[in-house]
Amino acid sequence: MAAVDTNLLLRGVGALVTCDPEVGEGPLGLVRDAAVLCRHGRIEYVGPERDLPRLEGEEPLTIDLDGHLVTPGLIDCHTHLVYAGDRLDDFEARLQGDTYTALMARGGGILSTVRATRAASDELLRDLAEARVEQAVAHGVTTLEVKSGYGLDVRHELRILEVVRAANRRAIADLVPTFLGAHALPVEARRSDAARQRYVDVVIEEMLPAVVEQNLARFCDVFIEEGAFTLEEGRRVLEAAKDLGLGLKVHAEQLTCTGSAELAAELGAVSAEHLEHTSDEGIAKLAEAGTVAVLLPGAAFFLRDWMADGRKFADAGVRVAVATDLNPGSSPTNNLPLMAQMGVLGCQLTLDEAILAITSHAAAALDLHDRGVLKKGMLADLAFWRCRDPRELLYHFGIAPCSGVVKGGRYFKVEAPRPGRFRPLP
């Protein structure tokens, strides 16, 4: 969504989380009794209201927040939100003891979503995606990464990314597209080793060049796992993507330890994602490379697996982000604050680390340098919360008391108690 040429002044901010220790106190850069001035879609002033400079020029729209908490707009840096259908049968089967890999082996899992997504019209996919984005915004999210991966052939992978582009023109939040043609092997690629090799070749020789030529994605991702792609196949896809100028992401070590965290570090991936089964060596390599660890506790919880130990990553010097992994099979949620809460309760992050994990560190996981922190010159992306202490964001279980967001300088009020309904103000 393009920045709106709007001037906006926020007064009466009870507590302002800037995520910049140079602006305020502690790791969150906390400022009490604050104000924020936005001009032309960017932040012009952030700090104590008593120090607000004299306003000159066009009178800004002024909102008195009456003590609300304000944070940067939240960033969900790992989603699969363009899909059709559901996975209710898989959900019930897992409750009866089936494993995720067993479901995939007999045509369930990702493959069932591929069938439903291929059958859906562009209009339906766009409507579903826009509704999911709107629900995410109701939880304070202003930027989302969106992966393809439910097409698994040239036509449908490109179609999904085109849906992302179309939805991005209409959505309140910014959508950052990632190509994930190497998400799973389609049915036709499972018939022989030769068929498998042909599919990997199609990803590299046909899908990737088309994605780049049509400027449909910023990143390329690969799911390296038993039942998905091998380490060597993942390397081939990622190296080809890197040669074409795409940034790299890796679905790494979700179900087993494959060495994919080390591969992500070696190739300079911006992020490695999942990481429930990462070795100590893999963690050390991520720290050395500066690759962001994106934890997805909702998927581990839903699959009844153990959650990644965020404490080990943070203590090793790895920046840790947290995301929803919104998808129909393993994490059907778009509640990002709840995922941050799971980061505290299940991944051993501190409260401050969990808030950074859905703001500044999530921006780093998307290689975005203009958001996730509130300081002069950054995008005017903010979220307002019906509480006065940042700890409260992660205290009430499953509740995100978001009262509104600012995206590119334009204010949208969340109409409680109907999440996902917005009324843009002048």
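Scanning segment 352-378 for residues that are surrounded by 19 or more Cβ atoms within 10 Å (Cβ to Cβ), outside any loop (DSSP other than H, G, I, E, B) and either hydrophobic (A, V, I, L, M, F, W, C) or out of contact with any strand residue (DSSP E or B) (no Cβ under 6 Å at 6 or more places or on another chain) (or both) turns up Glu353, Ala354, Ile355, Leu356, Ala357, Ser360, Ala362, Ala363, Ala364. Restricting attention to segment 104-138, the residues that are surrounded by 15 or more Cβ atoms within 10 Å (Cβ to Cβ) and free of Cβ contacts under 8 Å to residues at least 24 places away in the same chain add up to 1. Would you say Ala167 is in the same structural domain as Glu130 (by TED's automatic domain parsing), over 22 Å from Ser330 (Cα atoms), crowded, with 18+ Cβ neighbours inside 10 Å and in contact with a Lys or Arg (Cβ under 7 Å, 6 or more places away or on another chain)? Considered against the rule, which asks whether it is in the same structural domain as Glu130 (by TED's automatic domain parsing), over 22 Å from Ser330 (Cα atoms), crowded, with 18+ Cβ neighbours inside 10 Å and in contact with a Lys or Arg (Cβ under 7 Å, 6 or more places away or on another chain), Ala167 comes out as yes. Every listed requirement among (1) assigned to a strand (DSSP E or B); (2) more than 30 Å from Pro48 (Cα to Cα) is met by Cys347 save one, (1).
Rundown of residues vs (1) hydrophobic (A, V, I, L, M, F, W, C); (2) within 21 Å of the chain's Cα centre (by Cα); (3) assigned to a strand (DSSP E or B), yes/no style:
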{"position": "Leu158", "(1), (2), (3)": "yes, yes, no"}
{"position": "Arg169", "(1), (2), (3)": "no, yes, no"}
{"position": "Pro177", "(1), (2), (3)": "no, yes, yes"}
{"position": "Leu238", "(1), (2), (3)": "yes, yes, no"}
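Only residues that are polar (S, T, N, Q) and farther than 23 Å from Thr178 by Cβ were counted in segment 76-100, giving 2.
Counting only strands (runs of 3 or more DSSP E) that fall entirely inside segment 17-135 and contain at least 3 residues that are of a type outside the set (A, V, I, L, M) and not assigned by TED's automatic domain parsing to the domain that holds Glu353, the qualifying elements are 30-39, 42-48.
Scanning segment 379-397 for residues that are within 22 Å of the chain's Cα centre (by Cα), assigned to a loop (DSSP other than H, G, I, E, B) and under 20 Å from Ile63 (Cα atoms) yields a total of 2. Scanning segment 9-48 for residues that are hydrophobic (A, V, I, L, M, F, W, C) and either at pLDDT below 95 or in contact with a Lys or Arg (Cβ under 8 Å, 6 or more places away or on another chain) (or both) yields a count of 6. Does segment 324-331 contain any residue that is modelled with pLDDT of 95 or more, within 15 Å of Tyr100 (Cα to Cα) and surrounded by fewer than 24 Cβ atoms within 10 Å (Cβ to Cβ)? Checking segment 324-331: at least one residue is modelled with pLDDT of 95 or more, within 15 Å of Tyr100 (Cα to Cα) and surrounded by fewer than 24 Cβ atoms within 10 Å (Cβ to Cβ). Just one of the numbered conditions (1) among the β-branched types (Val, Ile, Thr); (2) touching a residue at least 24 places away in the same chain (Cβ under 8 Å); (3) farther than 30 Å from Ile43 by Cβ is not true of Thr99: (2).
From the list Val222, Val141, the lone residue that is buried (at least 21 other Cβ atoms within 10 Å of the Cβ), in the same structural domain as Ala116 (by TED's automatic domain parsing), under 30 Å from Val70 (Cβ atoms) and among the hydrophobic types (A, V, I, L, M, F, W, C) is Val141. Tell me yes or no: at least one residue of segment 315-323 is within 25 Å of Ala116 (Cβ to Cβ) and part of a strand (DSSP E or B). The answer is no; no qualifying residue exists.
Only one of the numbered conditions (1) in contact with a strand residue (DSSP E or B) (Cβ under 8 Å, 6 or more places away or on another chain); (2) surrounded by 18 or more Cβ atoms within 10 Å (Cβ to Cβ); (3) not aliphatic (A, V, I, L, M) is not met by Thr230, and that is (2).
Could you check, for segment 402-420, whether at least one of its residues is part of a loop (DSSP other than H, G, I, E, B), in contact (Cβ under 8 Å) with a residue 12 or more places away in the chain and under 23 Å from Leu351 (Cβ atoms)? Looking for residues that are part of a loop (DSSP other than H, G, I, E, B), in contact (Cβ under 8 Å) with a residue 12 or more places away in the chain and under 23 Å from Leu351 (Cβ atoms), one finds none in segment 402-420, hence no.
Being under 27 Å from Leu74 (Cβ atoms), crowded, with 22+ Cβ neighbours inside 10 Å and among the aromatic types (Phe, Trp, Tyr) narrows it down to one residue among Phe301, Phe313; which is it? Working first, answer last.
Working: Phe301 fails: crowded, with 22+ Cβ neighbours inside 10 Å.
The conditions single out Phe313.
Condition check: assigned to a helix (DSSP H, G or I) and closer than 24 Å to Val187 by Cα. Does Val212 satisfy that?
Working: assigned to a helix (DSSP H, G or I): yes; closer than 24 Å to Val187 by Cα: no.
Against the criterion (assigned to a helix (DSSP H, G or I) and closer than 24 Å to Val187 by Cα), Val212 does not qualify.
Annotation note: of Ser279, Ser260, the sole residue that is hydroxyl-bearing (Ser, Thr, Tyr), under 18 Å from Cys347 (Cα atoms) and either assigned by TED's automatic domain parsing to the domain that holds Gly181 or free of Cβ contacts under 8 Å to residues at least 12 places away in the same chain (or both) is Ser279.
Would you check if there is a residue in segment 208-216 being at pLDDT 95 or above, assigned by TED's automatic domain parsing to the domain that holds His80, surrounded by 14 or more Cβ atoms within 10 Å (Cβ to Cβ) and more than 16 Å from Arg159 (Cα to Cα)? Talk me through it step by step, then tell me what you get.
Of the residues in segment 208-216, the ones at pLDDT 95 or above are 208-216.
Remaining after also requiring assigned by TED's automatic domain parsing to the domain that holds His80: 208-216.
Now restrict to residues that are surrounded by 14 or more Cβ atoms within 10 Å (Cβ to Cβ): 208, 210-212, 216.
Filter once more, keeping what is more than 16 Å from Arg159 (Cα to Cα): none.
No, because not a single residue in segment 208-216 is at pLDDT 95 or above, assigned by TED's automatic domain parsing to the domain that holds His80, surrounded by 14 or more Cβ atoms within 10 Å (Cβ to Cβ) and more than 16 Å from Arg159 (Cα to Cα).
The values are calculated or read from the model by the stated rules, or taken from the named source; none is laboratory data. Just so it is clear, the model here is predicted, and its values are computed rather than measured. Glycine also receives a Cβ, built like all others from the backbone with ideal geometry; neighbour counts cover every protein chain displayed.
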